[in-house]
Amino acid sequence: MNRQRTPTSRCHEPAKRHPARQGVGGLAAVLAFGIPVSASAAMGELDDEAMSAVNARDGIELSYATPNAGTPIGSVTWDVDVGKTAVGSVTVNPEVFARWEGLRIRAVDANGALLASPATTTLSFDVGDNEVTDTDNSVGLGISGNWSRMRLLVDAFRQENVSANSPGTFAFDSAGTFSFMNTKGLFNDVGTAAGFNLDISDASLYFRQGGSGAPEVLFDNILFNVGFNNGTIGVNNAGLRVAAANLNFNLTFDLRYEGAPDAAFTYEQGTAGSNDRPVMYYGWQGTLTDFELGVKGGGIWYGATGSPAVENVANRSEGLNFSARWNYDSTFAWVVGESNPSGSGNPRVQVQFDTWLKINNTAGTYAFDTPNNTLDVVKANQSPGYDGTAGTGGMCWGTQTSMTGPSATCAGSAVAAAPASGTTPATPGYYPQWLYVAPEEGIALVSRDAKQWAYSNRIVIKDDFNNDGDYADTDSATASDTPNIAPSTAETQTANFGFIYTLGNFDANIFFYPGGWDFANNAATTTGLKLDFLIMTQSHDGSDTGALPDWNTGSHYMMADNDVDNDGIIEANDKFGVGFLGSSILLAANDLYLTLTSAGVNFRTRSGTTPGEVRVQFKGRFGGGDLPDMASPVRGLDINANFESNNFQFTLEPPASGGVYIGFSGLVDFVDLSTANFAENGTSGTSGDDGTFIEIAEPSRPSAALRFANITGRIQYTGGKLDLVSDSEIANQPAKILVSSSVNMGATAVGIPAGGGATASAGAPLQVGRIEFGGNTLGSIVVPSGTWYAAIGLKRQL
Amino acid sequence: MAPNRLIVKVFFVLQALLAPLPQDSFAALDATAAARGQGGVFPKLRPEVVDHACGDHSCDMVELEDGVLQGIAGQEGISLDIEVRLNTDAVGVPLASLSSCTGNNNPCKLALTFNNRPDKWLMLKDYYGTLNIPKLYLNKTNAPATVSAYKDLPRFQDSAGNCLLGAGKASACADADIQNHPALKLSSPGFTGTFENDILANLFVGRVAIETGATGYNNDTNGTFLGLQLRDTSTSAPQARVDVDGHVALFGF
């Protein structure tokens, strides 16, 4: 459905040709492919009317049209490291390829139905100059193009040595335009005369695992616009460099799900009885400043360097890597909302996070900076930092001096080793641990040292009370938008509080493998997607001691009150943040499958005799302080919580018919994992190994800790909801973000165990093995069964 | 000792809530609640608010200028609402899927065991309850610019007598360390003269018993020695209601 939304970003104006150069070139050509030409066709005279329609054309235009039934492309193969037997001094054979198969292009309508007409593309070249910015009238080349609405279908994605497997089938429907111009050479990286614009309107990305009728996830109503003038697009020794002082960026989409599709790769929003369900609306809109993007050749790196040794990032195999950084203009907004279930119009309610502030104003720092992101095809064991011996190449969690490590130690760490049993380290949760997940053959997406050192300082709540498609109060001839539901006053409301989520230092090793899992029979299947990953965002950057979180470089998750005195005026010394300071988050998984089921998008560890494993850890300080610099922090509590499971099930669910929210459900068997270099403190039973635990400690005296250690047993959450509740949904309450779920415990949590199979069984009692206080064991708690429920809402003070 | 300091800190918070409570408040509140037919199940916690600008003298209300009125917006701070249910549905009725928390060895049970008392379980049976905090405000506050006569600086020191406030220091706390010290402010909306339902809670524990054995928490063989119910008996709604005025200031150190 071609919902019409107006991007907030300013449209790029195409570069105009200098008047003095009008007519330069004078060459016009049109090449047409795929259009049948009759052998008996003869040249005929043009009549006067036809002659009058002929006018001078500049440049070269290429156009292409598919046959009515579409065009097969065949396959695209990404083959890297051909013939290589070493990367630098590391003896390794990294040659492997990935292949996209069954590619086809065909015209489709706005709802995804196949059309019996050509899909067309046009590409134009023109010569001129950029009269806006190019003061010396240098000759430049402009390229522009467009494509009609068409579908790019990718039947399968396969790896060289697991060629029977595929994650599923993708279909991308879109129409769009683009333009690009530069002077003094098409890829001249000197000066700021380049301009670029890309507009993709009403695009849809479908994904399913299996044939027609399999559940589909759909990113729909994708509006994507990126453009700039006065920028740079050039190639230098480092690769492709794109830079712009101001870059307009707009990407919004609706997330939808069809557990039982009405039809394959089509879109039935708003159709009565349809299984096509809206889940959420999401996007980024506005202007990025000081934008830089670098795209370079070079894949996964191998070996170690330096003393203490760290992974040798410069020693790369073949692949692709890119870097990006920018600051946020005040207009930039992150938006989250509920898709409109009626099938048209704006989201019913959306929350816009804008007015971004940097937490670090040191020269040379950016609000967002991701210097090293690498995409590569890897063989088994070839993790970043791999030195030729299986089991090398991993990441350091909790270290202060080295974020990543090539071997089984996090070299150079100055902090103490893991604590003795029943005690906490001098700086709780900050002892280092080397973590490793062995990759299999697949696609690797790796990131190092990414930073988001900024946060949104204002929240705008847009609530379309009367569902007339806008957020204005008085524009309807029949009814005012102004709600009469106290205490709301307008469809667009601004709250002077913000939501802080910064990333101090983000590192990730993520591996994607084609191939699924049959959980009932504990057997591999050819269609599906498996994941291994280590993802961590940490707060210490090598300079702090762990005693006091570093505000300028840390990961903070807080709510910010920007008008403490509640006078409606944002002033200096009138801002305060409360939440988690100096946080670190670890997400680790081995053999976690992503499966599209009739219930939703399911993440689940492999079942059977060697089940998959998941570990999640959070470390942070609950407190607060004055914004924007947190000069006088309130040091509340240090929290360190670690969760380990060999039976992890989590399903993101579409809402029930008529509803709009994100549903979720799942099941977790908490265990004390013993996998070396994955579980907390390694081997089970050794000192300090508490498996799943929650610790609350005094910031100034970490040994004064309340600790719920060695937690085992099962919880099962059902009916979970993440909901944006509109003002008008609950009388006399402001709009709020609400998270709620029921939780079954122990024997009440009936589900499939880690061993898999088709028979559900009752879970083990939820048990807190040790309650410790100040290092002394007080006792234990067991919840054999029961059903609890929790809901927490966040809203304005009204 | 460190554990004791934690206890002291909790006590400090409670003290902040309770200490200013006038001795006659309970009676007055009960009378107010009784007049409304509310039964006075819970006392109203009402810290005395002292307007330092006025001292002990009464302050006259003054008119606000138009400009000031125009500047008044809705409260912009952060508000949380929290709801927790233990084995009940949305209205506090025990779940039928849990045998309505009745009968031998029904699923509504929780077990505690204590150190050096292995295989002896203190069992809470037939338990269910709810807790609802519809509006919990989070704001910032500061300690007064001038310390009061009730200051207790050693409270903020470690066992060696070193001050833990702020970045900490190797000496005892001084007045300056606590003056204007930032704090998190937890409060509920409303006025001291009005009863608001700031906390709604009910709890039912049908039986408390001791069970034995390594997995004694699975047993339901021994007799009970205690039952507990927390609710508002004056209305059909099961939840007791608490009105909280004043605020709690949380100082971390």
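Bear in mind that the values in this text are calculations on the coordinates, not laboratory data. Since the model is a prediction, treat every value here as computed from it, not as a measurement. Because the Cβ atoms are built from the backbone with ideal geometry, glycine has one as well, and the counts that use them run over all protein chains shown.
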Original post:
If each of B:GLN179 and A:THR192 carries a label point 7 Å out from its Cα toward its Cβ, how far apart are those two points in nm?
Top reply: 5.0 nm
**OP:** Show the residues, 5+ positions off or on another chain, whose built amide H is closer than 5 Å to the amide H of A:THR331.
**Re:** A:THR287
Original post:
Mind checking the log10 I(q)/I(0) for segment A:677-798 at q = 0.12, 0.13, 0.20 Å⁻¹? Debye, one equal scatterer per Cα, no solvent, two decimals.
Top reply: -0.70, -0.78, -1.10
Subject >> Computed FRET value (nearest 0.05) for A:SER632 with A:ALA314, which takes r as the C-beta separation and R₀ as 51 Å >> reply: 0.75
Original post:
Using the Cα gyration tensor of segment A:732-778, with a ≥ b ≥ c the square roots of its eigenvalues, what is the shape: rounded (a/c below 1.5), prolate (a/b larger than b/c) or oblate (neither)?
Top reply: oblate
Original post:
Could you give the alpha-carbon Rg of segment B:85-192 over 2.2 N^0.38 Å, rounded to two decimals?
Top reply: 1.81
Subject >> Pairwise label distance in nanometres, B:ASN116 with B:VAL208, each label 7 Å out on the Cα-Cβ vector >> reply: 2.2 nm
**OP:** Starting at the first residue of segment A:346-357, write each ³J(HN,Hα) from the Karplus equation 6.51 cos²θ - 1.76 cosθ + 1.60 with θ = phi - 60°, in whole Hz, x for Gly and Pro.
**Re:** 6, x, 4, 9, 9, 10, 10, 9, 9, 6, 7, 10
**OP:** Please list, in chain and number order, the residues 5+ apart from A:LEU627 or on another chain whose amide H is under 5 Å from its amide H, with Hs placed from the backbone.
**Re:** A:LYS575, A:PHE576, A:GLY577
Original post:
Considering the Cα trace of segment A:137-264, what is its radius of gyration and what is Dmax, both in angstroms?
Top reply: 19.2, 59
Original post:
For segment B:197-253, what is the per residue volume of the convex hull drawn over the alpha-carbon atoms, in cubic angstrom?
Top reply: 172 Å³
Original post:
Using the scaling law 2.2 N^0.38 Å as the reference, what is the normalised Cα Rg of segment A:218-374?
Top reply: 1.37
**OP:** Compute the Kirkwood hydrodynamic radius of segment B:131-183, taking the inverse of the mean of 1/r over all pairs of distinct Cα atoms, and give it in Å to one decimal.
**Re:** 12.7 Å
Subject >> Volume in Å³ per residue [convex hull over Cα atoms, computed for segment A:78-181] >> reply: 201 Å³
**OP:** Could you list which residues have their amide H under 5 Å from that of A:GLU441, counting only those 5 or more apart in sequence or on another chain, with H placed in the peptide plane?
**Re:** A:ALA380
Subject >> Packing-based exposure ordering (other Cβ within 10 Å, fewest first) of A:SER645, A:SER307, A:SER201 >> reply: A:SER307, A:SER201, A:SER645
Original post:
Once both labels are modelled 7 Å past Cα along the beta-carbon direction, what's the B:ALA90-B:GLN229 spacing in nm?
Top reply: 2.6 nm
Subject >> For A:PHE249, A:PHE618, order by how many other beta-carbon atoms lie within 10 Å, fewest first >> reply: A:PHE618, A:PHE249
Subject >> Efficiency of FRET from Cβ geometry, A:LEU587 and B:SER148, R₀ 51 Å, rounded to 0.05 >> reply: 0.60
